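Enquirer: The structure under discussion is supplied below as structure tokens; questions concerning it will follow.
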Amino acid sequence: MPRELCNHEWKMINLQSGFIVTEKCINTNEYVDYFSTEDAPSMQEYKDGDKYWIILGADQTIRFELECQLCGQIINYDNLLGLMNCTGCTGECHLNNLTQVARDNKILVYAALCYQNKPNVTEYLTLDQLKALNKLYNSRLASRDKKILIVSSSLRLLPKGCRGDIFKDVGLLSEEEPE
Amino acid sequence: MKISELIKKVNITPLNNLFDRDITGVFVSDMVSDLMAFGKGGNLWITIQTHKKIISVGAMIDVSAIIIARDKQPLEEVIEAANLSEITVFTTGLSTYDLCHELYEAGIR
């Protein structure tokens, strides 16, 4: 079946466990984060030119691709850090407003965050990536009156001050989420 | 099986309002990323985690309820979030293993 006509049925494939490693340069206050498949990511700080990186954290997560069971199309999500639900901030934030309007209609909104592999360069999921992810999670719902809406994190007004809750496994060794 | 029926058969205690959902299966994991990857709507989620994230991820996957094993107690804010998300949270003194055994004996396959 031609892909453009396919009513895709997505399935997660090539699941890989790993860590979201977040680093900060203490000279420039720049941040980067990336996916690591190491068994235990190094927490050792290091120097790189004029930058001095410290490791802020390594939280467990997964990486995956989606494959359509009908047409075989594969969509890669190597750039997806995780999903975040807005916990409310300012009324000027589009994500905050969308979350509240949607909630009244039993639609749960989540923002898809991408890894920031380079300082000050923000990436976003493509429309195809967002559409496939939405279809996958909506297909798993059991409640008929519930919907999932996964949107681009570009809707956030203040990414650095965002109070959203990112779905990743923080502090698993302690069983309790750190403050 | 409905949640209301499950309470009569298994040694679990509700911590908030009862939302009487159909149980379509059981998912056991202490990792939210695991639930994101493999969880399905209607699953009864068993975990020992007590943080607020179990409610937001549980709501996204549309779990039928959450059972926290080994007598772990979530904070009040977790219970409030569970009511808002219409997810019943249970606690039990049973270990995860024993709880699974009871669920199986109760007829959840």
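Enquirer: By a straight-distance test (C-alpha under 14 Å), which aspartates and glutamates pair with residue B:9 as possible cross-link partners, with residues fewer than eight away in the same chain excluded?
Expert: Straight-distance partners of residue B:9: B:98, B:102, B:105.
Enquirer: Here's something else I'd like to know. Return the tail of the calculated pair distribution for chain B, meaning the percent of Cα-Cα pairs more than 22 Å apart.
Expert: Tail of P(r) above 22 Å: 18 percent of Cα pairs.
Enquirer: Moving on. Put A:83, A:127, B:84 in order of accessible area, largest first, 1.4 Å probe: what do you get?
Expert: Ranking A:83, A:127, B:84 by accessible area, largest first, yields B:84, A:127, A:83.
Enquirer: Report for the protein assembly as shown the percent antiparallel among DSSP-assigned beta bridges with both residues inside it, nearest 5.
Expert: On the way: 36 of 54 bridges.
If I count the DSSP bridges inside the protein assembly as shown, around 65 percent turn out antiparallel.
Enquirer: Within the accessible area of the protein assembly as shown, what % is carbon and sulfur when the probe is 1.4 Å and the other protein chains stay in place?
Expert: In the protein assembly as shown, the share of accessible area belonging to carbon and sulfur is 48 percent.
Enquirer: Please state the shape class of region B:49-109: rounded when a/c is under 1.5, otherwise prolate if a/b exceeds b/c and oblate if not, all from the C-alpha gyration tensor. Kindly include the intermediate steps, with their values, before the conclusion.
Expert: Numbers: a/c = 2.58, a/b = 1.53, b/c = 1.68.
Oblate is the answer for region B:49-109, as a/c is 1.5 or above yet b/c matches or exceeds a/b.
Enquirer: Could you derive backbone 3J(HN,Hα) for region A:45-50 from the dihedral phi with the Karplus parameters 6.51, -1.76 and 1.60 (θ = phi - 60°), listing whole Hz in sequence and x where the residue is Gly or Pro?
Expert: Karplus-based 3J(HN,Hα) across region A:45-50 equals 5, 8, 9, 9, x, 8 Hz.
Enquirer: Moving on. Can you work out the Karplus-derived ³J(HN,Hα) for every residue in region B:7-23? Use 6.51 cos²θ - 1.76 cosθ + 1.60 with θ = phi - 60°, whole Hz, and x for glycine or proline.
Expert: 4, 6, 10, 10, 7, 10, 10, x, 9, 8, 4, 8, 10, 7, 8, 7, 9
Enquirer: What pairs from A:106/B:8; A:24/A:135; A:47/B:53 go past 32 Å between their alpha carbons?
Expert: Violating the 32 Å limit, Cα to Cα: A:24/A:135; A:47/B:53.
Enquirer: Ignoring ligands, DNA and RNA, what accessible area per residue does the protein assembly as shown give at 1.4 Å, in Å²?
Expert: So the protein assembly as shown comes to 52 Å² accessible per residue, rounded to a whole number.
The values are calculated or read from the model by the stated rules, or taken from the named source; none is laboratory data. None of the values given here were measured: they were computed from a predicted structure. Calculation scope for accessible area: heavy atoms of the full protein, side chains included, ligands and nucleic acids excluded. Shrake-Rupley method; radii C 1.70, N 1.55, O 1.52, S 1.80 Å.
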